[in-house]
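The values are calculated or read from the model by the stated rules, or taken from the named source; none is laboratory data. Small disclaimer: the values here were computed from a predicted structure and weren't measured. Here the Cβ positions follow ideal geometry from the backbone for every residue, glycine too, while neighbour counts run over all protein chains shown. In case anyone asks, the SASA skips ligands and DNA or RNA and just uses the protein heavy atoms, side chains included. Shrake-Rupley method; radii C 1.70, N 1.55, O 1.52, S 1.80 Å.
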Amino acid sequence: MSRPIILGIVGDSAAGKTTLTKGIAQVLGPENVTVICTDDYHKYDRKQRAEIGITALHPDCNYLDIMQQHLSQLRTGQPILKPVYSHTTGSFEPPVYIKPNKFVIVEGLLGYSTRGARDSYDVKVYLAPPESVRAQWKVKRDTQKRGYTEEQVLEELRKREPDSEQFIRPQRQWSDIVVSFYPPNDEVEQINGHLNVRLVLRPTIPHPDFLQIINYGDGHLESAIRLGLDRDMSKPVDVLEVDGHATLEQVNKLEHIICGDMPHLKSICDREGNPELGKVAGTTGETIQSYPLALTQLLITYHMLKATQNYQ
Ligand SMILES: Nc1ncnc2c1ncn2[C@@H]1O[C@H](COP(=O)(O)OP(=O)(O)O)[C@@H](O)[C@H]1O
Ligand SMILES: O=C(COP(=O)(O)O)[C@H](O)[C@H](O)COP(=O)(O)O
């Protein structure tokens, strides 16, 4: 059976969904990927939300039923007529006709909030940076790109917190992988391209055999790349951590574990052929290269390609 492979990327506003999506789309080949942002399913425009006093995070503020219908249609390869919400104007634009490519990435706030929607994905990722990091990212992005002042963004975060707690964060439980970029030693003021990543790997999908990394016996490797067992939302999980200061050599070993499992797909591990991998906008708009981000993008791509072996 051949059908599109669907990746979900869910997380709160400015958790890093768009940044993560970019590198993955580039490795898979932009021409093979359809990206859907579920903000397009908002029920009210910015002005109406302010009048009603509802946040974009509340399920009642979104057409989740239509989002779910569209996801099932995309999963069977059918086209959809997708609404369009503009973050620039805060209002809706004419809908667009979308025919799914081989891979579909669905990113947004409430992607796992209904059972029907959850059933549509092949791979489910949840982004969970520490709240202090997310606040910094949101202030930076919304002041630079969405025309808000810092005070407005901080006030909006305060207003949204009850909905974040009630509707966004519980969705973590449905994900196959939880991704958290975090500063070393809690140095939140100094967040830059050297963030570490903590990857919670649930046994809901088969991950590459990372146990090999603890067999290398390389002291530096052990300290910069760590694998362990833990519990997440009370369920047993593997946890892979990669430091922002890991060397290229250390990171390459991890990449080989991911890519070695797919001999016919070696091109995904070709750094030069995938220049977007691990790239992120720094505090002043400069481009930073992050190995932890590159590895995260590679691991998720691995799962997308694995899924094609079952369905394409
Ligand atoms: N892995 C990361 N490392 C460093 N900065 C990041 C990372 N992910 C996101 N950011 C920063 O946070 C901002 C918001 O991220 P974005 O991907 O737009 O979030 P979302 O799509 O979830 O709203 C970006 O402009 C970027 O500067
Ligand atoms: O929380 C988000 C989602 O976007 P993202 O996850 O990219 O931050 C936006 O703030 C809402 O869609 C409201 O839009 P606006 O900010 O335009 O009113």
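Return the residue satisfying two criteria in turn: it lies in segment 26-48 and is under 23 Å from VAL178 (Cβ atoms) and at pLDDT 95 or above, and of such residues it is most open to solvent (accessible area, probe 1.4 Å).
Restricting to residues being under 23 Å from VAL178 (Cβ atoms) and at pLDDT 95 or above, the top hit is VAL35.
Out of the helices (runs of 4 or more DSSP H) lying entirely within segment 1-112, which hold 1 or more residues that are over 30 Å from GLU155 (Cα atoms), β-branched (Val, Ile, Thr) and away from ligand 1 (no atom under 12 Å from the Cβ)?
In segment 1-112, the matching helices (runs of 4 or more DSSP H) lie at 17-28, 64-75.
Just checking, which of VAL96, VAL104, VAL84 is in contact (Cβ under 8 Å) with a residue 60 or more places away in the chain and either within 21 Å of VAL35 (Cα to Cα) or more than 14 Å from ligand 2 (Cβ to nearest atom) (or both)?
Being in contact (Cβ under 8 Å) with a residue 60 or more places away in the chain and either within 21 Å of VAL35 (Cα to Cα) or more than 14 Å from ligand 2 (Cβ to nearest atom) (or both) holds for just one of VAL96, VAL104, VAL84, which is VAL104.
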